[in-house]
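The values are calculated or read from the model by the stated rules, or taken from the named source; none is laboratory data. This is a predicted model, so every value here is computed, not measured. Cβ atoms come from the backbone with ideal geometry, glycine included; neighbour counts cover every protein chain shown. SASA here: full protein model, heavy atoms, side chains in, ligands and nucleic acids out. Shrake-Rupley method; radii C 1.70, N 1.55, O 1.52, S 1.80 Å.
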Amino acid sequence: MNDMTPTSAERAEKLQGMGCKRKRVEDIRFVQGKGNYVDDIKLPGMLYGDFTRSPHAHARVKKIDTTKAAAVPGVVAVITAETLKTVNLAWMPTLAGDVQMVLADGKVLFQNQEVAFVIAEDRYTAADAAELVEVEYEGLPCNVDPLKAMSANAPVIREDIKDKKEGAHGPRKHPNHVFNWQAGDKAKADEAFAKADVTIKEMIVYPRVHPCPLETCQCVASFDKIKGELTLWGTFQAPHVIRTVGSLISKIPEHKIHVIAPDIGGGFGNKVGAYPGYICAIVASIVTGRPVKWVEDRIENLSTTAFARDFYMETEIAATKDGKVTGLRCYTVADHGAFDACANATKWPAGLFSIISGSYDFPAAHVSVDGVYTNKAPGGVAYRCSFRVTEAAYAIERAMDIMAQKLKMDPAEFRMKNLIRREQFPYTSAFGWVYDSGDYQTALNKAMETVGYKQLREEQKKCREAFKRGETRELMGIGLAFFTEIVGAGPSRNCDILGIAMFDSAEIRIHPTGTGICRLGTKSQGQGHETTYAQIIATELGLPADNIAVEEGNTDTAPYGLGTYGSRSTPVSGAATAMACRKIKAKAQMIAAYMLEVHDDDLEWDVDRFRVKGNPERFKTMTELAWAAYHEVPPGMEPGLEAINYYDPPNFTFPFGAYICVMDVDVDTGSSKVRRFYALDDCGTRINPMIIEGQIHGGLTEAFGIAMGQEIHYDEDGNVTTASLMDYFLPTAVETPKWETDWTTTPSPHHPIGAKGVGESPNVGGVPCFSNAVNDAFAFLGSTNIAMPHDNWRTWTAADKLGLHK
Amino acid sequence: MAKSQVSMTVNDKKVEGLVEPRMLLIHFLREQLHLTGPHIGCDTSHCGACTVDLDGKSVKSCTMFAVQVNGADIRTIEGMAAADGTLHALQEGFREMHGLQCGFCTPGMIVRAYRLLQENKDPTEDEIRFGISGNLCRCTGYQNIVKAIQYAAAKISGVPFQEAAE
Amino acid sequence: MIPGSFAYHRPSSVKEAVGLLGSLGDDARAIAGGHSLIPMMKLRLASPSHLVDLVGVADLKGIREDGKDILIGAMTTQHEVIASDLLTKKIPILSETATLIADPQVRYVGTIGGNVANGDPGNDMPAVMMCLNATYHAVGKSGERRIAAREFYQGAYFTALEPGEIVTAIRIPTPAAGHGYAYEKLKRKVGDYATAAAAVVLTASGGKVTSCSIGLTNVAETPLWAEEASKILTGSALDAATVKKAVAAAEAITSPASDSRGPAAYRTKMAGVMLTRALGRAKARAGF
């Protein structure tokens, strides 16, 4: 080998494979304003749709008069439930096994519900006419309190199913009951509580919030009458699911539906579901024979499409007096709004909520969740989290603090004592989940050492003494969260959506010149898939990442996949990508053996080539093999170099992390300032550290918003009072804290590249960490649980109740 | 309603259009001029995704009528790169520092940062955060946007960029 | 969100503007920076048939000294207020307040005239103007008149302006050199209206307050001038007991709404906290 030959390490670096901070390929278009988002799409003859919406939360619709609206010049049609009934689309099935009105049919069940859809030549005319649709309502008593939903005198929300004793998830005990779902061993848990030295019980509320991506939900439907084909561009996190659901609903054969998700301006769960706007745009295009665009405005977005959380979790922990946990119980009331349009794997009405035992070795545990109907918007999406995981993490991390407080133990010490130990992995939880890998103590120790946890506690002690002496009006809170996620839905034995197993896919074609394309069933909404999938391929196949195009979002070209949410892209499609690469590599090895005239087994892989064992001068690079695959394959071998993999994961992955927050609370105004936030994440193998860090920054910022101010709030008349960015708290750069990130690496043993997924960890761990910090500030005064969001007035009120303003 | 003739300079080009008085500037740019870089994010002038540079000011084009800016000189994200395609230092900085994810806020953010750097060539981190507080980002948590703007400030001033210690 | 239709007018003089507003009647609205009106129009909470844009009226621009007063043209933007050397030197509370209004983009366009004239109790400048004892020059079909800021606000979005009348300038008596001042605003985030805010301008001599004026933002249907609290403090050394008494007097005149910024009782208390803090900073700035 002469000096000019690059070493393996040099060649590896040039590939920009896994572990490298590769700059994002998608940025080239985004920084020039050349992204292609749905509202950028313009088609000849395109019409615009706009909704007339209900001002009432609960009312009978006595009459809808569209005469004036239809008479506005430029209005092409006005659609109501009566129109939709002619095509049997007044109602649509939801992902959760319920049905949902597309347009108000007889009554409205939440404020801003869709009542009529106006289609016009331009969006201005559509808006004018939507205002002119005359609707006569008769008000009905409404209920927006889930804890009252199953009381005897609660107004019946869903008259269409009021006598149905059986829902999609089993028996219903009240007309407003959606389901009861349980997991764990109740008898065993009850026994643990009966025998416990110490128990705590707290109602922990995770309020209704909304993912609020900067781009709202939108679509363009274009029905070609001659071909009988529908093309639907839209903000879809799961384009194939939309195609299948669209076909089942519309009866258009699935091969005649082309779903395209172009660039998406953030999703965070908001863009998983199917919304009335999509159905109406499709119907409008079929009716008018012209393309129809529907674009939500921000108020519509916040008040109608996809809320998250709204979980009321009565959480109990049992422990020995020396601080070992012995049991966990949680009874939850889940507010599903007017229709159960929750985006979960179909068999899991409360998602993966039974991850609630978290990172701790609970010998016994039981959860029970009752879903209820209220006069609020439907949804229940996983806002930057795997299905209901953030709710679970919040409940357990809050409850662990409360128990530590009761035991008079430091919350870190209490956690350390109960964390699942490294040697226990794979660990089977009391709920039956098999945690794939973890090294929790190492992570927590590293976090505590990095922030100087002991010194912080000493400083806090001094601060509290100074507060008691009246020398300061600030309290210092130290928040800790140790979370375990369950992501990568999911194994087909556990997970399906409407019967479709939650596998995902990758199809890779290597072209003769050694470049290639990879198409996947997932869909980036900002996660940088075009960059990271290519890095997996670069490492697996030894081809430069720059030579691999990554394409998602077109159901005609991409293999079937279940889409991007629940941190599933890397765990599932990332695995599919690696597996498809390995098929290609196996074929390439055979070609190499043929060309080098050796046996397959005499070859070894070296970064970007197969070389003859013991004779590294004899090799064939993957680029050479790609060329060969198209012109000199071994006899009997098919030409070409491509592979497809549908990956059904053997298990979920279980990312984890240790977060610490230092918060200063101004007792006189209730405002809180994050002084420091440290996040240690373990997401297994790290594909692109730059992108991981970006994901964590973003997730922490969303968590900060949720913990400190976000709430979709309804007044008692059912009016949503926080449906614009004036009142729905999205932090600006000024409020947002600075983030410190760190990591450990514990690969997933069952994943082909050991990766676990990361996008949602910071939201799952961040929310309890901020909340624990605020709560910790007041804990020494005997306060156990101050409810989120921790905005100024709520914190001030908590301080006031503790007598701090006297 | 009678339409009005408007003319303005957009990205160094004279443009004209016939608009209803109520036509929002963002719609004029996006739909008549096909400049789809500026986006609509909130409709209520909170998010800044629609930000364009207008006569030396950063403005939210969703809260302005096209007729109001008749005769104005406007720059959008599409007019940031040099004529030969060389990216502006900010565009480069956003990519280098991973200052964007979904890209939806990016055009407004870059155009706003452009004016900020025109007014303050060497802003502190706090000045940057305050200076971009009219632009919301849901993906990045701002930290890398701040770095991207620092990168551009350094590049424009011809000094080496030093990442602030974490 | 799409506004309703209207006809657009762009007068080039005050006379022309007032003439248009007079002849077009109730369906016409004057528009300055538009950042209050246009969102209302997009929400269809306002649907004027005519918009009279004041942006082309050169007479409404400019900041200058006029004897013992400073005159600020109504179309002066918040950005220009912040950038004005004269204001920063003579009435620094104005730039301190302006930087707490909305966000950079809005400040480039939003005007001081619009802020004081539209009657939104959430606007920050009105309480500051009451605190400074400013006078608004208003011009209508019957000519010009001057209205004291302290007499101007009558209810939410309801002011002493007659139909067709516009505010053309704000006249502020230049505070004494070396005066203490502060605008304290509690808000949830950049761009938010105040949960409560307090403006203080005071002068001191020999360790005693010689004059004091207090304005309160967003804790009633109108901005408030806390006259009683101002009187209590005048002559005092701003000792804790007197401050407490003044704060109680200020809190007593508030009647805030309960909204997502907090319940009324909390917002009243926050008016007090903001006042206490503003007094502290004003005191330090006045050098005692």
(request) State all residues of region B:70-89 that are without any contact (Cβ under 8 Å) to a residue 60 or more places away in the chain and open to solvent by 40 Å² or more (accessible area, probe 1.4 Å); if no residue qualifies, say none. (result) B:A82, B:A83, B:D84, B:G85, B:T86, B:L87
(request) Answer yes or no: is there a residue in region A:776-789 that is within 29 Å of A:V389 (Cα to Cα), touching a residue at least 12 places away in the same chain (Cβ under 8 Å) and within 14 Å of chain C (Cβ to nearest Cβ). (result) yes
(request) Spot the failing condition for A:K271; the list is (1) out of contact with any Leu (no Cβ under 6 Å at 6 or more places or on another chain); (2) of a type in the set (K, R); (3) open to solvent by 10 Å² or more (accessible area, probe 1.4 Å), and only one is missed. (result) (3)
(request) Go through A:G19, A:G45, A:G35 for me and flag whichever is in a loop (DSSP other than H, G, I, E, B), facing chain B (nearest Cβ under 9 Å) and at pLDDT 95 or above. (result) A:G35
(request) Please report, ordered by residue number, the helices (runs of 4 or more DSSP H) entirely within region C:70-159 with at least 3 residues that are open to solvent by 10 Å² or more (accessible area, probe 1.4 Å). (result) C:78-83, C:85-90, C:92-98, C:104-109, C:112-117
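Kindly establish whether A:V372 is touching a residue at least 40 places away in the same chain (Cβ under 8 Å), touching a His at 6+ places or on another chain (Cβ under 8 Å) and aliphatic (A, V, I, L, M). Spell out the reasoning first.
Values: touching a residue at least 40 places away in the same chain (Cβ under 8 Å): yes; touching a His at 6+ places or on another chain (Cβ under 8 Å): yes; aliphatic (A, V, I, L, M): yes.
Criteria met by A:V372.
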(message) For the list (1) without any contact (Cβ under 8 Å) to a residue 12 or more places away in the chain; (2) more than 33 Å from the chain's Cα centre (by Cα); (3) away from chain C (no Cβ under 14 Å), I need the number of the one condition that A:K165 fails.
(response) (2)
(request) Return yes when A:A318 is over 28 Å from A:S151 (Cβ atoms), surrounded by fewer than 24 Cβ atoms within 10 Å (Cβ to Cβ) and over 18 Å from the mean Cα position of the chain (by Cα) and no when it is not. (result) no
(request) Report, by residue number, each residue of region C:51-69 that is part of a strand (DSSP E or B), surrounded by fewer than 24 Cβ atoms within 10 Å (Cβ to Cβ) and touching a residue at least 24 places away in the same chain (Cβ under 8 Å). (result) C:D53, C:I63, C:E65, C:D66, C:D69
(request) Any chance you could count how many residues in region A:83-126 are more than 25 Å from A:R290 (Cβ to Cβ) and among the acidic types (D, E)? (result) 2
(request) Find the residue count for region A:406-455, including only residues that are closer than 24 Å to A:H366 by Cα, among the small types (G, A, S) and buried (at least 18 other Cβ atoms within 10 Å of the Cβ). (result) 4
(request) Scan region C:270-288 and report the pairs whose first residue is over 13 Å from C:A182 (Cα atoms) and whose second residue is open to solvent by 10 Å² or more (accessible area, probe 1.4 Å) and among the polar types (S, T, N, Q), with Cβ atoms within less than 9 Å and a gap of 6+ or a chain change. (result) C:M270/A:N792; C:A271/C:N218; C:A271/C:T254; C:G272/C:T254; C:F288/C:S205
(request) Taking the options A:I691, A:I712, A:I706, name whichever one is among the aliphatic types (A, V, I, L, M), assigned to a helix (DSSP H, G or I), in contact (Cβ under 8 Å) with a residue 40 or more places away in the chain and more than 8 Å from chain B (Cβ to nearest Cβ). (result) A:I706
(message) With the requirement that a residue be more than 7 Å from every other protein chain (Cβ to nearest Cβ) and within 16 Å of the chain's Cα centre (by Cα), what does region B:42-71 give you?
(response) B:C50, B:V52, B:D53, B:L54, B:D55, B:G56, B:S61, B:C62
(request) Could you please tell me which pairs satisfy a Cβ distance under 7 Å, a separation of 6+ or placement on different chains, a first residue in region A:182-193 that is in contact (Cβ under 8 Å) with a residue 24 or more places away in the chain, and a second residue that is of a type in the set (F, W, Y)? (result) A:A183/A:F431; A:G184/A:F431
(message) Can you name every one of the strands (runs of 3 or more DSSP E) wholly within region A:87-182 that holds 3 or more residues which are closer than 22 Å to A:A350 by Cα and open to solvent by less than 30 Å² (accessible area, probe 1.4 Å)?
(response) none
(message) Please go through (1) acidic (D, E); (2) in a loop (DSSP other than H, G, I, E, B); (3) touching a strand residue (DSSP E or B) at 6+ places or on another chain (Cβ under 9 Å) for A:E459 and return the number of the only condition it doesn't satisfy.
(response) (2)
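Enumerate the strands (runs of 3 or more DSSP E) found wholly within region B:1-69, keeping only those where 2 or more residues are surrounded by fewer than 22 Cβ atoms within 10 Å (Cβ to Cβ).
Result: B:4-10, B:13-19.
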(message) Just the residues that are in a strand (DSSP E or B) and either touching a helix residue (DSSP H, G or I) at 6+ places or on another chain (Cβ under 6 Å) or open to solvent by 10 Å² or more (accessible area, probe 1.4 Å) (or both), please, taken from region A:208-223.
(response) A:V209, A:Q218, A:C219, A:A221, A:S222, A:F223
(request) Go through region A:224-246 residue by residue and tally those that are open to solvent by 10 Å² or more (accessible area, probe 1.4 Å), of a type in the set (S, T, N, Q) and in contact (Cβ under 8 Å) with a residue 40 or more places away in the chain. (result) 1
(message) Conditions first: (1) away from chain C (no Cβ under 14 Å); (2) part of a loop (DSSP other than H, G, I, E, B); (3) in contact (Cβ under 8 Å) with a residue 60 or more places away in the chain; (4) not charged (D, E, K, R). A:M637 passes all but one, so which condition is the exception?
(response) (3)
(message) Suppose we filter region A:531-567 for residues that are in contact with a Phe, Trp or Tyr (Cβ under 9 Å, 6 or more places away or on another chain) and open to solvent by 30 Å² or more (accessible area, probe 1.4 Å); how many remain?
(response) 1
(request) Those residues that are open to solvent by less than 30 Å² (accessible area, probe 1.4 Å) and more than 20 Å from the chain's Cα centre (by Cα), I need them from region A:689-725; list them, please. (result) A:P689, A:M690, A:Y714, A:G718, A:V720, A:T722, A:A723, A:S724, A:L725
